[in-house]
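Taken together, the values in this text are just the output of simple stated rules run on the coordinates, not laboratory data. The structure displayed is predicted, hence computed values, not measured ones. Positions of Cβ are generated from backbone atoms using ideal geometry, with glycine treated the same way; all protein chains shown enter the neighbour counts.
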Amino acid sequence: MLEEIKQSLKNNPEIKAWNVRHVITRGSQQYDLAKTTEAVRQISSEHYTIDILCDSLDAERKPSSGVGTVTILPGGEINQTLEQAVLTAQLVHNEPYDFPEPASLPDVELADQEYLKDPPGSIKKVLVSLKEQTASYPHVRLTAAECFGQEKTTHLVSSKGINAQQNATEIYLQWVYLAGEGEEEVETFTEIYQRRIADLNLEEEATRRAQYTSDLLLAEGPPSQTGPVIVQGGSLASMVAGEVLSGSLIQTLSTGEMKYSGETPWKIGKSIFRGDIKGDSFNIWANRQLPYGMHSNAFDAEGIPAQRIALIQENKLEAFIADKRFASYLDIPATGEFGNLELKPGKTPIEELTREPHIEIAEFSWFNPNPVTGDFACEIRLGYLVDGKDRKPFKGGLLLGNLLDALADVTWSSETGFYSNYLGPSAARFNHLQIAG
Amino acid sequence: MKNNNLKPEMNLLRPFLGDVVSTLESTAPYGAAVLSSRETVKYLVDNKQERVIIGDPTAGAILTAFDGHTLRERAIGGFDKNDLLQGAKDLLRDSSFTKNGSIDPGLERKHDYQTTMENDPAQVPTSEKLEYLREMNRRVNKIDSRIVNARISYVEFREKSIFRNRTANLSQDVQRVHMSIMVTVMGDKGVVFDWVSKCGTAGLEILTFTDEELETVVKNAIKLLEADRIEPGEYTVVTAPGVSGVICHESFGHGVETDMFLKERAKAANYIGRRVGSDLVNIYDDPSMPGAFGSYFFDDEGVQAVSTQIVKNGIFERGLTDLYSATVLGIPRSPNGRRQDFSRKVYPRMSNTFFGSGDTPLEDLISQVENGIYLPKMSSGMEDPKGWGIQVSCHYGFEIRGGKITDNMFSSIGLTGYVPDVLSSVSAVSSDFNLSGGYCGKGTKEVVPVTDGGPHLLMKVRLG
């Protein structure tokens, strides 16, 4: 069917450029409760997504470009569907641009070969391992767990000559731990996305979550104070890199699209911060080449090869992240999609970082700053008041501040960690944040 | 039976679905077959660009076999008869079922449903939709020269499905539309924005904006440049319907989806028949509400849409169920079995969730507040079904002084509290009513369209 689609596209003189993505997906899902399996599902799907670029004249008779996108299922009608895409492309008026040319593609590791040997068996094994691991913690109970595995094969061909294929896997695991009884019962809810089962770090994560759950039982009310706040692990990753399925503040403000529309104040060569930098310097790469990163790929939807872009160096913006279109408008190199966020570690070991009295935030309800200003007021699900001797858990209260201001006054750990879409320091001490109890 | 705008390939497969269900029930106590197509088209016009984006397709068949203990499903992309028949064989070959107990397939019913529309988006050319967005962009930009960008987005969702089990042969064609106007301005503090949106299960006829609505969103965006952060503390607040809605969504919405009962995640499971709020608190979930964004005719398990009262005069009555949770818990079904798309499992999910209106005129309610905060706009919320904590992020709020809303604006306000404390503090409920539409997930996945809302509420909460 791909050949038929290509032939129809080649035969249409109104089309300036096109690309076709043939995507095949196979998935396995298992949903477990404490003592039973709730559901078992197998999923398969296949489709062709076609982007068509046409040139036309806008209302003022100026040259313009537009894209029409359509999707065809196997056996679906081709010519009529492509005509719809051409019509749409001719109605959308933007500054002229073109699709990317072919370029050599890097080898990026994306697929879990162990999972692919037996997908349903692999996810079942993950859930069994989780149960076995949980048995080591008599103070917590595993009451629910879900594990999904997916293999996605993408074959991209384009009128410019791109002909590339990549195979990627995704593993999703969530579980619920309970501790205590009756009115005092508490829970923790964990979600992890990775490309490989091995990167779930099941033993380490289960141990950490079991500890959190039992600490919640002892948690008291929140303090009200301003001072150093330590954030570690996945909570730090979501603060800096955003949730796996959504973007981060840094990602939003560094896009070529936002620069073109005048909605980001960031400028190349200028500090991204509003005031003085009091902490460690901030150095970020937008990295699609990170092995098994959730946002890694060999090529993106347009076919732009994966790159590791030096985005922010010594607090200054070095580049904007742009697809071919916005790169053309801004006259900058096309980077393709953002990918994963890689952050340069600091020089301070965690032991030293945590030596002085501080507050540690283990888990937010949801760290969701304003997507353009960075202001936040986020509820604390579990925190610790650390005075140098004791480590007292607390829950509730708000962490208040502005993310950019917080990143300008931070000490990064020298130890690093990999959390789905983030590679960087595994702990940070934000030197001046407010907790409202 | 009339076929209502379903895809031709879905109609071709429909006559075979009864045989597929019979095949499934030759081995499993209960079988069902669903054909599901969900299409999304997004249009965007702003000051610098135009886009028409067609969302990833989600079209396929779902075969379900259930014995009261474990749901077994095959989800097959596309609508190919041979794939469907092979899928049924594979499902039975790979599964074993216990035979004790029976699953109620519901009453005999056959019906085709379709959203009532004056102006069906499918009948309106792309050129007209784009021109409407361009005109809206021009209208907004004329209001103030400080506008950096006016992003006008319009999304149409078409959900077509056929549900077949032993007793039901149903189809629905649900049209959802959503239009949002986001205004960005830049000042010394950086970039700030405000937005206004409208949505529903309807046609394009609901997507009109008055000059006053556009002027208000621009005025508030500009005002945000000067807004202060609020001093953390406990406040008397008046929540507008959008904020009231998030409070009920996060408190007695997520926390009463009964998969949470099975997972032992819901504190509400121990509170059936017990007081959880003041007498003034009534909470409903109603997928049959005409025109609401979260409405449908039947859920993804073929259950007719009707209203469910969750909290009655402050007493928790019941939760929201799907087939699995109702069967295992032995409680009545509600029409809340929903899946993100054919590739995902059904969960008990909210539809349109709201506080019931009271009888206090809004002016009277606000006049009761000597010192407080008016919260007109939410930006997000997060549930805590076990701890009964609540987090609602509000885009901004205005000071209330001497019974009047002032121009003194605070921005990025976090509302938190312990759910029974928050609901028990509700001391007045206005007589107005409004719903806001959006999308809701379970954790970070399983996204479905919903609304929440209700009237204005007077309460005491913690702000930061």
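Details
- Pairs of Cα atoms nearer than 8 Å and 6+ residues apart set the relative contact order; for segment B:19-86 it is 29 percent.
- Förster-model FRET efficiency, 51 Å R0, B:E215 and A:E203, C-beta, rounded to 0.05: 0.30
- Cα-based shape type of chain A, given that a ≥ b ≥ c are square roots of the gyration tensor eigenvalues and the cut on a/c is 1.5: oblate
- Residues A:W285, A:W18, B:W388 in ascending order of nearby Cβ atoms (within 10 Å, fewest first): B:W388, A:W285, A:W18.
- Of the GluC sites (Glu not before Pro) in segment B:358-394, the ones in a loop by DSSP (not H, G, I, E or B) with at most 14 other beta carbons within 10 Å are B:E370.
- Centroid-to-centroid, using Cα positions, segment B:12-61 and segment A:50-117 are 23 Å apart.
- Integer Hz, Karplus 6.51/-1.76/1.60 couplings in order for segment A:414-423, x for Gly and Pro: 7, 6, 10, x, 10, 10, 6, 10, 9, 10
- Taking amide H as placed 1.01 Å from N in the peptide plane, A:L433 has its amide H under 5 Å from the amide H of A:G227, A:V229, each at least 5 places away in sequence or on another chain.
- Between the alpha-carbon centres of segment A:1-46 and segment A:322-356 there is a gap of 30 Å.
- Value of Rg/Rh across segment B:113-173 [Cα atoms, Kirkwood radius]: 1.25
- Helix content alone sets the calculated 222 nm mean residue ellipticity of chain B: runs of n ≥ 4 DSSP H residues at -39500 (n - 2.57) each, divided across all residues, give -6000 deg cm²/dmol.
- Hz values of 3J(HN,Hα) by residue in segment B:272-285 - Karplus curve (6.51, -1.76, 1.60), Gly and Pro given as x: 4, x, 10, 6, 10, x, 6, 4, 7, 8, 10, 10, 10, 10
- Anisotropy class of the protein assembly as shown from Cα gyration tensor, a/c 1.5 cut: rounded
- In order through segment B:10-20: 3J(HN,Hα) via Karplus (6.51 cos²θ - 1.76 cosθ + 1.60), integer Hz, x for Gly, Pro: 6, 4, 5, 7, 3, x, 8, 5, x, 5, 4
- With R₀ fixed at 22 Å, the C-beta to C-beta distance from B:S102 to B:D19 puts the FRET efficiency at about 0.55.
- Long-range HN-HN contacts of A:L423 with modeled amide H, under 5 Å: A:L341, A:E342, A:L343
- Between B:Q391 and B:M382, the built amide H atoms are under 5 Å apart, and every one of these is 5 or more places off in sequence or on another chain.
- When you filter the GluC sites (Glu not before Pro) in segment A:253-351 for DSSP loop state and at most 15 other Cβ atoms inside 10 Å of their Cβ, you are left with A:E314.
- Ascending count of other beta-carbon atoms within 10 Å, so fewest first, for A:L2, A:L116: A:L2, A:L116
- Modelled label positions at B:D432 and B:R275, each set 7 Å beyond Cα in the direction of Cβ, lie 3.1 nm from each other.
- Full extension of the chain between B:V124 and B:R146 gives 4.6 nm of extra length, using 0.36 nm per residue less the Cα-Cα distance.
- Relative contact order (%) - criterion: Cα under 8 Å, at least six apart; region: chain B: 15
- Listed from fewest to most Cβ neighbours within 10 Å, the set B:C248, A:C54 follows the order A:C54, B:C248.
- In this structure, A:D390 and B:I315 have a Cβ-Cβ separation that, at R0 = 51 Å, corresponds to a calculated FRET efficiency of about 0.75.
- Basic side chains Lys and Arg get +1 at the Cβ, acidic Asp and Glu get -1 at the Cβ, and with that the dipole of segment A:1-143 about its Cα centre reaches some 760 debye.
- Trypsin sites (Lys or Arg not before Pro) within segment A:324-366: DSSP coil, no more than 10 neighbouring Cβ in 10 Å: A:K347
- Cα-projected label distance for B:D407 with A:E318, points at 7 Å along beta-carbon direction, nm: 4.7
- For segment B:8-226, size of Cβ-based charge dipole, Lys and Arg +1, Asp and Glu -1, in debye: 340
- Cα gyration tensor category, rounded, prolate or oblate, for chain B with a/c compared to 1.5: oblate
- C-alpha center-to-center spacing [segment B:172-201, segment B:68-90] in angstrom: 39
- Spin-label zone in segment B:36-71 - amide nitrogen under 13 Å from a point set 7 Å from the Cα of B:S180 along the C-beta vector: B:42-45
- The lysine pair count for segment B:8-226, using Cα distances under 26 Å and pairs eight or more places apart or on different chains, is 28.
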